[in-house]
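FYI, it's all coordinate maths here, none of it is from the lab. As the structure is a computational prediction, the values presented were derived from the model and not from experiment. With ideal geometry, Cβ positions are generated from the backbone for all residues, glycine too; neighbour counts draw on all protein chains shown.
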Amino acid sequence: MIIIACLLIGEMVFPSARLRHAVTALTVLSDAYPDRVVSLRTIAAEERISEKYLEPLFVQLRTSELVTSVRGKHGGYTLRRAPGDLSLYAVAEAVGELPGRRRKSPAAGEHGADNAVWAELQGVIKRYLESVTLADARALRRSGRAAESYRI
């Protein structure tokens, strides 16, 4: 899986487990796109991710219109758009996990230089995630380069 790492002010910024699992699950759907649906049970088994963990992620992905659900005995999920048209930023936004985003903003004027640096970092991360598609993530995964770290 793609790991985005930045060494900045003695801290590392990594995508959350939620984002990594969402991207991993969507790469499974991208392998099946557009011909077949994939059940959460299949994704969970292939990727060793709890099905219970995937359920709320897929609610968010469906609500954000990134995936479509198909009901029934042979139901599951499929991507709503081609993997090349779906950015990792859209996935991060859908699951509420934008890397580098501060959870709590400091009071105005507090840590002014740090805020400027973090704002710059957020911009770099956003541009990078917007430039990488699910098709890119799938290609990296297949090539074996998915475990590498990428510096921003």
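Each of A45 and N115 was given a label point 7 Å from its Cα along the Cα-to-Cβ line. The distance between the two points is 5.2 nm. Our estimate of slack between S143 and A17, defined as 0.36 nm per intervening residue step minus the Cα-Cα distance, is 43.2 nm.
The label-point distance for A135 and S69, in a model that sets each label 7 Å from Cα toward Cβ, rounds to 2.9 nm.
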